[in-house]
1. Looking for whichever is surrounded by 18 or more Cβ atoms within 10 Å (Cβ to Cβ), of a type in the set (Ser, Thr, Tyr), in a helix (DSSP H, G or I) and touching a residue at least 40 places away in the same chain (Cβ under 8 Å) here; the options are Thr4, Thr8, Thr13. Which one fits?
2. State yes or no: is Gln68 in a helix (DSSP H, G or I), surrounded by 11 or more Cβ atoms within 10 Å (Cβ to Cβ), in contact (Cβ under 8 Å) with a residue 12 or more places away in the chain and in contact with a helix residue (DSSP H, G or I) (Cβ under 8 Å, 6 or more places away or on another chain)?
3. In the stretch 65-114, how many are aromatic (Phe, Trp, Tyr) and farther than 24 Å from His26 by Cβ?
4. When you look at Phe21, is it in contact with a Phe, Trp or Tyr (Cβ under 9 Å, 6 or more places away or on another chain) and either touching a residue at least 40 places away in the same chain (Cβ under 8 Å) or of a type in the set (Lys, Arg) (or both), yes or no?
5. Among the listed residues Ala56, Ala46, Ala38, Ala100, identify the single one that is surrounded by 11 or more Cβ atoms within 10 Å (Cβ to Cβ) and touching a Phe, Trp or Tyr at 6+ places or on another chain (Cβ under 9 Å).
6. Please go through the stretch 1-42 and pick out each residue that is closer than 22 Å to Leu64 by Cα and of a type in the set (Phe, Trp, Tyr).
Amino acid sequence: MNWTLVKTIGLLTASNVFMTFAWYAHLKDLKAKPWFIAALASWGIAFFEYLLQVPANRIGSSQLSLPQLKIIQEVITLSVFVPFAIFYMRQPLRLDHLLAAICLCGAVYFVFRK
């Protein structure tokens, strides 16, 4: 098992949980507050995202190219965002969303093929 890849994906996944809440949770939880309150709350959450994301990319860059890191990040982002949107934000999942996810999986294939 490639522990570098496992650590990278684990840290990026945890980082994405923070990022998703920083970017979108204020749309539900702080809707009635002024935008600058939401921005301050988002910055506070994003701090924890960066504490995980920076080491994840440093660890991952020892074995992955920059495009590979970026594509992994995008797939993880989608993997975190979809459950967040469905369960936390109560958004419906549509067929188009699944088709877009398949396209991202295609991107993973192309960036990792030899």
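Please treat every number below as a calculation from the coordinates, not as lab data. A quick note: this is a predicted structure, and the numbers were derived from the prediction, not measured. Methodologically, a virtual Cβ is constructed for each residue, glycine included, from the backbone with ideal geometry; neighbour enumeration extends over all protein chains shown.
1. Thr8
2. yes
3. 3
4. Working: in contact with a Phe, Trp or Tyr (Cβ under 9 Å, 6 or more places away or on another chain): yes; either touching a residue at least 40 places away in the same chain (Cβ under 8 Å) or of a type in the set (Lys, Arg) (or both): yes.
Yes, satisfied.
5. Of the residues listed, the single one that is surrounded by 11 or more Cβ atoms within 10 Å (Cβ to Cβ) and touching a Phe, Trp or Tyr at 6+ places or on another chain (Cβ under 9 Å) is Ala46.
6. Passing the criteria: only Trp3.
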